[in-house]
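The values are calculated or read from the model by the stated rules, or taken from the named source; none is laboratory data. Note that this is a predicted model, so its numbers are computed, not measured. Positions of Cβ are generated from backbone atoms using ideal geometry, with glycine treated the same way; all protein chains shown enter the neighbour counts. Calculation scope for accessible area: heavy atoms of the full protein, side chains included, ligands and nucleic acids excluded. Shrake-Rupley method; radii C 1.70, N 1.55, O 1.52, S 1.80 Å.
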Amino acid sequence: MAIAARDTEDRLDQLIGVTHRLTELMVTETEALKARKLDASSTDWQEKERLAHTYRMEMMDLAKNGDVLLQVPAGLRKTLFEATRRFQEVLVDHDKALTAMREISEGLVEAIAREVATETSGPRGYGSRGQQGGLRASGIAINAKA
(Lines give C-alpha, C1' and ligand atoms only; values in the text may rest on other atoms or scores of the structure.)
Protein backbone atom coordinates (compact mmCIF):
# COMPACT_ATOMS: atom_id res chain seq x y z
CA MET A 1 0.00 0.00 0.00
CA ALA A 2 1.37 3.38 -0.95
CA ILE A 3 1.58 6.34 1.37
CA ALA A 4 -1.20 8.91 0.90
CA ALA A 5 0.41 12.30 1.45
CA ARG A 6 -0.52 15.91 0.79
CA ASP A 7 2.99 16.77 -0.48
CA THR A 8 6.56 15.47 -0.73
CA GLU A 9 7.53 16.54 2.79
CA ASP A 10 4.50 14.78 4.25
CA ARG A 11 5.33 11.68 2.23
CA LEU A 12 8.90 11.61 3.52
CA ASP A 13 7.72 12.26 7.09
CA GLN A 14 5.42 9.26 6.80
CA LEU A 15 8.18 7.15 5.23
CA ILE A 16 10.45 8.05 8.14
CA GLY A 17 7.67 6.96 10.52
CA VAL A 18 7.28 3.65 8.66
CA THR A 19 11.04 3.11 8.79
CA HIS A 20 11.21 3.84 12.52
CA ARG A 21 8.31 1.48 13.26
CA LEU A 22 9.82 -1.29 11.11
CA THR A 23 13.10 -0.81 12.93
CA GLU A 24 11.33 -1.19 16.31
CA LEU A 25 9.55 -4.34 15.16
CA MET A 26 12.74 -5.88 13.80
CA VAL A 27 14.69 -5.07 16.98
CA THR A 28 11.97 -6.74 19.06
CA GLU A 29 11.95 -9.77 16.78
CA THR A 30 15.75 -10.03 16.82
CA GLU A 31 15.77 -9.93 20.62
CA ALA A 32 13.15 -12.69 20.67
CA LEU A 33 15.22 -14.75 18.23
CA LYS A 34 18.33 -14.35 20.35
CA ALA A 35 16.38 -15.33 23.48
CA ARG A 36 14.83 -18.24 21.56
CA LYS A 37 11.39 -16.92 22.41
CA LEU A 38 10.04 -16.18 18.94
CA ASP A 39 6.90 -18.10 18.10
CA ALA A 40 5.06 -18.36 14.81
CA SER A 41 2.04 -16.51 16.18
CA SER A 42 3.74 -13.14 16.50
CA THR A 43 1.11 -10.47 17.07
CA ASP A 44 3.11 -7.97 15.01
CA TRP A 45 3.41 -10.16 11.91
CA GLN A 46 0.65 -8.50 9.86
CA GLU A 47 1.76 -5.00 10.80
CA LYS A 48 5.35 -5.83 9.88
CA GLU A 49 4.28 -7.24 6.51
CA ARG A 50 2.16 -4.17 5.67
CA LEU A 51 4.91 -1.77 6.69
CA ALA A 52 7.60 -3.73 4.85
CA HIS A 53 5.50 -3.70 1.69
CA THR A 54 4.90 0.05 1.99
CA TYR A 55 8.58 0.68 2.71
CA ARG A 56 9.66 -1.40 -0.29
CA MET A 57 7.24 0.37 -2.65
CA GLU A 58 8.17 3.84 -1.43
CA MET A 59 11.91 3.17 -1.62
CA MET A 60 11.58 1.77 -5.14
CA ASP A 61 9.66 4.89 -6.16
CA LEU A 62 12.29 7.13 -4.58
CA ALA A 63 15.01 5.23 -6.43
CA LYS A 64 13.19 5.88 -9.72
CA ASN A 65 12.43 9.52 -8.90
CA GLY A 66 15.44 10.57 -6.84
CA ASP A 67 15.04 14.20 -7.79
CA VAL A 68 12.05 14.31 -5.40
CA LEU A 69 14.56 14.34 -2.54
CA LEU A 70 16.00 17.60 -3.83
CA GLN A 71 12.64 19.30 -3.27
CA VAL A 72 12.66 18.81 0.52
CA PRO A 73 14.74 20.48 3.24
CA ALA A 74 18.18 18.99 3.85
CA GLY A 75 17.26 18.16 7.46
CA LEU A 76 14.39 15.96 6.32
CA ARG A 77 16.64 14.15 3.83
CA LYS A 78 19.22 13.63 6.55
CA THR A 79 16.60 12.20 8.92
CA LEU A 80 15.41 9.79 6.20
CA PHE A 81 18.97 8.68 5.42
CA GLU A 82 19.76 8.13 9.12
CA ALA A 83 16.53 6.17 9.66
CA THR A 84 17.28 4.04 6.60
CA ARG A 85 20.87 3.42 7.68
CA ARG A 86 19.73 2.35 11.16
CA PHE A 87 17.06 0.08 9.65
CA GLN A 88 19.67 -1.58 7.43
CA GLU A 89 21.93 -2.17 10.45
CA VAL A 90 19.04 -3.79 12.30
CA LEU A 91 18.30 -5.98 9.26
CA VAL A 92 21.91 -7.24 9.25
CA ASP A 93 21.64 -8.13 12.94
CA HIS A 94 18.26 -9.79 12.32
CA ASP A 95 19.72 -11.84 9.46
CA LYS A 96 22.54 -13.05 11.70
CA ALA A 97 20.06 -14.10 14.39
CA LEU A 98 17.88 -15.91 11.84
CA THR A 99 20.90 -17.69 10.38
CA ALA A 100 22.01 -18.81 13.84
CA MET A 101 18.53 -20.13 14.65
CA ARG A 102 18.33 -21.94 11.32
CA GLU A 103 21.73 -23.57 11.88
CA ILE A 104 20.71 -24.67 15.37
CA SER A 105 17.41 -26.07 14.10
CA GLU A 106 19.04 -27.87 11.19
CA GLY A 107 21.68 -29.31 13.52
CA LEU A 108 19.01 -30.64 15.85
CA VAL A 109 17.06 -32.18 12.99
CA GLU A 110 20.21 -33.84 11.61
CA ALA A 111 21.18 -35.19 15.03
CA ILE A 112 17.70 -36.60 15.57
CA ALA A 113 17.69 -38.14 12.08
CA ARG A 114 21.07 -39.78 12.70
CA GLU A 115 19.86 -41.16 16.02
CA VAL A 116 16.66 -42.50 14.49
CA ALA A 117 18.62 -44.07 11.61
CA THR A 118 20.99 -45.74 14.07
CA GLU A 119 18.16 -47.08 16.21
CA THR A 120 15.97 -48.29 13.36
CA SER A 121 18.54 -49.83 11.04
CA GLY A 122 18.70 -53.57 10.88
CA PRO A 123 21.79 -55.74 11.04
CA ARG A 124 24.63 -55.15 8.62
CA GLY A 125 24.46 -57.09 5.38
CA TYR A 126 27.10 -59.54 4.22
CA GLY A 127 29.49 -58.86 1.40
CA SER A 128 30.59 -61.26 -1.38
CA ARG A 129 33.21 -62.87 0.89
CA GLY A 130 30.80 -63.63 3.70
CA GLN A 131 31.96 -60.82 5.94
CA GLN A 132 29.84 -58.00 7.23
CA GLY A 133 30.31 -55.05 4.94
CA GLY A 134 29.41 -51.42 5.13
CA LEU A 135 25.98 -52.14 3.69
CA ARG A 136 22.96 -52.11 5.91
CA ALA A 137 20.38 -54.81 5.44
CA SER A 138 16.92 -53.58 4.74
CA GLY A 139 13.48 -55.05 4.69
CA ILE A 140 13.11 -54.35 0.98
CA ALA A 141 13.71 -57.07 -1.58
CA ILE A 142 14.86 -55.96 -4.99
CA ASN A 143 14.36 -58.09 -8.09
CA ALA A 144 17.31 -57.32 -10.34
CA LYS A 145 15.59 -58.91 -13.36
CA ALA A 146 12.54 -56.66 -13.21
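Restricting the trypsin sites (Lys or Arg not before Pro) of the range 1-70 to loop positions (DSSP other than H, G, I, E, B) with no more than 15 neighbouring Cβ atoms within 10 Å leaves 6, 36, 37. Fraction of C-alpha pairs exceeding 18 angstrom in the range 1-125: 63 percent, rounded to a whole number. Listed by chain and number, the aspartates and glutamates placed with their C-alpha closer than 18 angstrom to that of residue 37 are 24, 29, 93, 95, 103, 106; residues fewer than eight positions away on the same chain are left out. A probe of 1.4 angstrom, applied to the heavy atoms of all protein chains, finds residue 10 with accessible area near 30 square angstrom. Think of each Lys and Arg Cβ as +1 and each Asp and Glu Cβ as -1; about the Cα centre, that makes the dipole of the range 13-69 roughly 240 debye. Measuring how big the range 78-123 is from its alpha-carbon positions, Rg and Dmax come out at 20.1, 70 Å.
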